[in-house]
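Okay, so here's the structure we're looking at.
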Amino acid sequence: MNIFRLTGDLSHLAAIIILLLKIWKSRSCAGISGKSQILFAIVFTARYLDLLTSFISVYNTSMKVIYIGCAYATVYLIYAKFRATYDGNHDSFRVEFLVVPVGGLAVLINHTFSPLEILWTFSIYLESVAILPQLFMISKTGEAETITTHYLFCLGMYRTLYLFNWVWRFYFEGFFDMIAIVAGLVQTVLYCDFFYLYVTKVLKGKKLSLPA
Amino acid sequence: AARTQQHDEL
């Protein structure tokens, strides 16, 4: 454990909780892509199946359980409890265009050709692109609530901090996982445009709105 | 590539 990994995990946790609280307090999931949230629930489920097979630490297990629990709670709030507020018309990204290629890639490029390992790889690849329906929705409506941008910032920072963690681990532990690193780079790059808007607009007190 | 037997990251 190093500072980048810990702050990355906490940033990820903050993102998940910000989103849950936003929906819960406003009693609305307007502006939130249910599809991205389903993808994240799939990501956590596929990756954390190792909860059943290996124990790493109390921290590791607790965080996994919290992430999975929050992911399903978010999906429940969007598709059941506050379904009436879900903006399905604007959430029109075709997720099969992500899931199918990513599934194929996980079968082709993995560390070990075994079911659990392929699911882990699938989750790493899928996570890197799972935010696309959300970013697509914002580009379609041309705006995002400020709280939604805080959510996206924390979520983007999480993988960015992990990149520093991987540099750290390579130098100090000689550890690197090429699959995670390449996917993490892709994931971070996808947020760059958003990071720019967040810094130039939201942090200056303006609402995130895109030119028509 | 050096990697641990189990995935220890989240």
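We did not get these values from a lab; they are worked out from the coordinates using the rules stated. Only a predicted model underlies this, so the values are computations on that prediction, with no experimental measurement involved. Methodologically, a virtual Cβ is constructed for each residue, glycine included, from the backbone with ideal geometry; neighbour enumeration extends over all protein chains shown.
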Within a Gaussian network of chain A (alpha carbon springs, distance under 10 Å), most fluctuating of A:VAL129, A:VAL182, A:VAL58: A:VAL58
Average beta carbon contacts from partner chains per residue of A:51-58, 10 Å cutoff: 2
Two-site label geometry, A:LYS140 and A:VAL65: point separation in nm, points 7 Å out along Cα→Cβ: 3.7 nm
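How big is the shadow of the Cα convex hull of region A:49-128, averaged over all directions, in nm²?
Average projection, Cα convex hull of region A:49-128: 6.9 nm².
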Among A:ALA130, A:ALA41, A:ALA180: highest mean-square fluctuation, GNM of chain A, C-alpha pairs under 10 Å: A:ALA180
Linear extension gain, A:THR45 paired with A:SER26, 0.36 nm per residue minus alpha-carbon span: 4.1 nm
Charge-dipole axis of region A:74-135 as Lys and Arg at +1 and Asp and Glu at -1 on Cβ define it, positive-most pick from A:TYR125, A:HIS90, A:ALA106: A:HIS90
Filter on A:LYS64/A:LYS204; A:LYS22/A:LYS207; A:LYS81/A:LYS206; A:LYS81/A:LYS201; A:LYS22/A:LYS204; A:LYS64/A:LYS140 - keep pairs with C-alpha separation over 26 Å: A:LYS64/A:LYS204; A:LYS81/A:LYS206; A:LYS81/A:LYS201; A:LYS64/A:LYS140
Choice from A:PHE93, A:PHE176, A:PHE136 showing the highest fluctuation, given a GNM over chain A with Cα pairs closer than 10 Å: A:PHE176
Region A:171-212-region A:117-135 distance, computed between alpha-carbon centres (Å): 15 Å
Region A:105-212 shape via C-alpha gyration tensor axes, a/c threshold 1.5: oblate
Total charge dipole magnitude, the protein assembly as shown, about the Cα centre, Cβ charges on Lys, Arg, Asp, Glu only, Debye to nearest 20: 760 debye
